[in-house]
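Read through the structure below, which is laid out as structure tokens, and then see the notes.
The values are calculated or read from the model by the stated rules, or taken from the named source; none is laboratory data. Since this is a predicted model, take the numbers as computed values, not measurements. When we count neighbours, we look across all protein chains shown, and the Cβ atoms used for this are built from the backbone with ideal geometry, even at glycine. Areas reflect the complete protein model, heavy atoms only, side chains present, ligands, DNA and RNA absent. Shrake-Rupley method; radii C 1.70, N 1.55, O 1.52, S 1.80 Å.
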Amino acid sequence: MGSDCLFCRIVAGEIPATVVRETETTLAFRDIDPKAPVHVLVIPKEHYADVATLAQGDPALAADVLATSAAVAEDEGLLGDGFRLMFNTGGYGGQEVFHVHAHLLGGAPLGPMLARNLA
Ligand code: AMP
């Protein structure tokens, strides 16, 4: 994908990010606009638009994203109290950046998963 994709540019080192963990295939960095005391984004370095495309195209890489997410959760001290791991996907899912990313959220009670305001 490359220059048009914000997260590919972070992988390439063209845009700064606060990286908390890097593996051969994945990168984890702090969200620029955190919604919880811990808010880390975990991405595959290779470009996939969303979690469905990733899971269908490279299940092993999807597993790498989960493994890195779990490692960051442990590093951040979240395993005891719990955390939320979330993939916003597509328009209804509220996805804004179309390079698949897991939101790892924790450090405080996160409340209900959704407000009950849907029709
Ligand atoms: P989503 O709505 O699921 O696509 O989430 C995109 C996330 O990327 C949001 O939580 C943004 O705050 C975050 N974000 C956008 N730009 C950056 C950036 N340069 N560095 C870190 N996080 C970012």
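In this rough spin-label picture, where each label sits 7 Å from Cα along the Cβ direction, the ASP33-ALA108 distance is 1.7 nm.
Placing a label point 7 Å from the Cα of ALA52 along the Cα-to-Cβ direction, the residues of the stretch 87-108 whose backbone N falls under 20 Å from that point are 87-103.
Could you give the length gained on full extension between GLU74 and GLU96, defined as 0.36 nm per residue of separation minus the Cα-Cα distance, in nm? Mind showing how you got there, number by number?
Details: separation 22, 0.36 × 22 = 7.92 nm, distance 2.71 nm.
Fully extending the segment from GLU74 to GLU96 adds 5.2 nm.
Taking each DSSP H run with n ≥ 4 as -39500 (n - 2.57) and averaging over every residue of the chain yields -8000 deg cm²/dmol at 222 nm. Surface analysis of the stretch 38-119 yields an accessible area of 57 Å² per residue, using protein heavy atoms and a 1.4 Å probe.
Pairwise Cα distances in the stretch 17-119 exceed 25 Å for 18 percent of all pairs. As a length-normalised measure over Cα pairs under 8 Å and 6 or more apart, the relative contact order of the stretch 16-67 settles at 28 percent.
When the alpha carbon gyration tensor of the stretch 1-63 is reduced to an equivalent ellipsoid, its three semi-axes come out at 19, 15, 11 angstrom, largest first. How much of the accessible area of the chain, probe 1.4 Å, is carbon plus sulfur, in whole percent? Carbon and sulfur atoms account for 54 percent of the accessible area of the chain.
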